[in-house]
Structure formats: C-alpha cells, structure tokens
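The values are calculated or read from the model by the stated rules, or taken from the named source; none is laboratory data. Keep in mind the model is a prediction, meaning the values are calculated, not measured. Glycine gets a Cβ as well: all are built from the backbone with ideal geometry, and neighbour counts include every protein chain shown. Areas reflect the complete protein model, heavy atoms only, side chains present, ligands, DNA and RNA absent. Shrake-Rupley method; radii C 1.70, N 1.55, O 1.52, S 1.80 Å.
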Amino acid sequence: MESFIIEGGHRLSGTITPQGAKNEALEVICATLLTTEEVIIYNVPDILDVNNLIKLLQDIGVKVKKRAPNEYSFQADEVNLDYLESVDFVKKCSSLRGSVLMIGPLLGRFGKATIAKPGGDKIGRRRLDTHFLGFKNLGARFVRLEDRDVYEIQADKLVGQYMLLDEASITGTANIIMAAVMAEGTTTIYNAACEPYIQQLCKMLNAMGAKITGIGSNLLTIEGVQKLSATEHHILPDMIEVGSFIGMAAMIGDGVRIKDVSIQNLGLILDTFHRLGVQIIVDGDDLIIPRQDHYVIDSFIDGTIMTISDAPWPGLTPDLISVLLVVATQAQGSVLFHQKMFESRLFFVDKLIDMGAQIILCDPHRAVVVGHDHAKILRAGRMSSPDIRAGIALLIAALSAQGTSRIDNIAQIDRGYENIEERLNELGAKIRRAEIC
C-alpha cells in the first residue's frame, strides 16, 4: 500500500492545467462499444479508474492504441461476448465503479450484458435502480444471480419509449442514452441528468450518427438509428479538479493560475467559492487565484448563516463539498454544509477535527464549520483516504497544516487525480510517495 508524506506549510505558486474530466472519460470510452469503427478520444486522464476501464475493454476484445500521451483510439469490431460471463470479468467489474457504464452500450449493440455489482467509493448506497428501470422500459429483462452477485440483462429487441426517471442519475442517464441510440423508434427521457459530461456524451454520439435532441436540458429525445460510425472526441477539463485547485490556492497559495478550465462548463463552482469569500480572477479561459490572507464567508440577505448544499446540475456538484468544507476551516465566519446525495461522504471530517478544525457533524448529511481565519493552523496528522474526493480534501488540509502528515490508501486519490504529487510539487508543495508495508 502506498501513502503520501506531506510536509505542510509550503505556499503554492505558478501555473497548473487540469486533466481531462474523469466522469466524462468513463462515459465516452464505454460509448466506443457502440460501433465497429475506430473512435479517437483526446485529453483522456491518466488515472487509475480510467486506466482500469481501458484494460477491461481490452480484455473483452476492444482494440486500443495509445497514440500519444492522453490520446487513444478504440475499435470494438471483435468483442468477445463469452468473456463477459467469465469469473475473471465479474471480479474486475466488482472493483471498478465505471464498469456499470458498459451495460448500456453492450445491451444497445448486442442485446445482452452481464455486469457485477460495481465497486468504487465507500460513500454510502449508490443504487442502480434508475439504470435497470430505464432498460426495462426499453424492453430488456434482467435477473440478479445471487450466487454470483451479478446482473444478467437481455433483450431480443429494444424499443424506444417515454420514461420519467425516478432520479436525475448521471450514470443512469448515460447508460439509458447509450442503450437507446440504436433502439427501434423514439425514446424520450424526462428528468434526465444534464451535466456537461452528459452533454459531451450526446455530442459525441451525434457525431457518430445518433439523433439526440434536447442536449443540455432535462428532456432528451433520441430517435433510434441502425448503426453508429467513427468519430473523434475531445474530453473537457475536469471541473472537480479545477475546484480542487481553487481550494488549494485559496488555503495555501501565493498566486496560482489554473489554465484552460472551460469556464462555461463550471456551473456554480466559482459562485460557491465566492460565497466563502475566495477571490477569483477570470482571465480568458484561465482562473487566477491570488494569495488569500483572509477570506470572509458571506451570509444570506437576511443575515442568517450561509448554507452550501449539493444538487443535480446546474446545482453544485456533490464531488466538491469535501473540498469546500476544508477551505471553510480557514475562512472567517461559519457555514453549514448539506451533503444531500451520499450519507457517508462527510464522515471524513473526524480527521479534520483531529487536525484542529472546528466542525460540528450534525448528522450523516450536515456539518457546520466555524472558520479559524488563519488564526489557528491545522495540525499535521496521519489519516487514510476513504474516497477520491475526501482524499483530495485531506491532501489540501495536510498541505496547509503545520508539520508532516501522512495519508494512507492513496490509491483512492489516484483513481481520480493524475500524477497529483508531481504536479503540486512543481507549484512548491513537498509531497512524496512512500511504500508502506
């Protein structure tokens, strides 16, 4: 097991460029299963979750070529469907959350899929009902095999239908879209997720020959086509990494420029940091975060305590709540964080409390942070990363802490952040990777 050893207190300065979006990469890479022709994808992040998904596609027979750093071609003209029922395939799926996104394209193109209960973050229950209800609406039948803990899904023919999703699930929407693009007739998806990742997936599929309208809204209409063709696609910068860098620069920065962030796809991220008092300068498509000796948390117009909560797009992404919470520990003022979507995602605050942060964990979904205004520096400590986003939040805390910290289980951080220690060390951080027996 590897760990990070972080020497805190070193201020960050310079320029950093965000990687390609992890969640978009998982979706569009799985979408390459929908055609026999070559699909080229640019700006693919070199992270554990994406690399494991690419290996999984190779295992089922997809021809993958690494054309350049962060640039791949995929051709799924000889998919080995028998391997999908193997114990080896099921085992690999069970450790990779992104494998669930293979169900839609496999069902849409081949009429069947076998998928294990996916792994990933330990942040609470992440149900798959939305996916399966969507597939059922299209005419698929499925059964869970308890002895193997797998799902078998089959359809003689998928037929487009109107459906109202029970929740605006991002992966559920993506899966249903990929199953429906070659279904017979027209599919209408209401209460669809409309995050930039979903918009990008739809644009890529349309470039391949799909007929999807309503992109960017929560009402998608998909007219089924008989086949999809080759295309090229460029993945957006990762908005979560952009937000993570803003948080780092606010807490421990001495002037940081974040390049090529695709500002129009950041939603409420900048506004939310502004609510914490963080100063952000927009320069073209770059963000400049000057040194913040003080940042003061805003209050509502009636003077009540600021509340920051997550919501489906265009609301605030839940993936940044952990980072924002850490940033608030050194702000002036108090703020209530309400993490609505995952019941275990705030449990990492115990580690911040051990470091000296003033946080009241009200329940699994809510925490009040009383900011130190830099009058009390966090203490270094030893901690373990429970999930990707808590891991990066703990890394930010350790960078700002006094002394040397250690973060174990950093494979969780590697799942979502590309060469993070090298990139931050170039800004002046002191992070080293250590093998812990």
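Rounded to the nearest whole Hz, the Karplus-based 3J(HN,Hα) values (6.51 cos²θ - 1.76 cosθ + 1.60, θ = phi - 60°) of the range 220-227 follow the sequence 9, 10, 10, 8, x, 10, 7, 7, with x at glycine and proline.
A straight Cα-to-Cα reach below 28 Å connects Lys351 with the lysines Lys22, Lys122, Lys340, Lys376, Lys430, residues fewer than 8 places away in its own chain not being considered. Accessible surface calculations at 1.4 Å, restricted to protein heavy atoms, place the range 30-164 at 44 Å² per residue. Taking the Cα centre of the range 22-234 as origin and assigning +1 to Lys and Arg Cβ atoms and -1 to Asp and Glu Cβ atoms, the resulting dipole is close to 200 debye. For the range 22-234, the share of accessible area belonging to carbon and sulfur comes to 45 percent (1.4 Å probe, ligands and nucleic acids excluded). For the range 22-234, the square roots of the Cα gyration tensor eigenvalues, ordered a ≥ b ≥ c, give a/c below 1.5, which places it in the rounded category. Secondary structure note: in the range 22-234, about 75% of the DSSP beta bridges are antiparallel. Need one number: % antiparallel among DSSP beta bridges in the chain, to the nearest 5. For the chain, the DSSP antiparallel bridge percentage is about 70. Straight-line reach from Lys157: taking Cα to Cα under 30 Å and skipping same-chain neighbours fewer than 8 places apart, the lysines in range are Lys55, Lys63, Lys91, Lys92, Lys112, Lys117, Lys136, Lys203, Lys211, Lys227.
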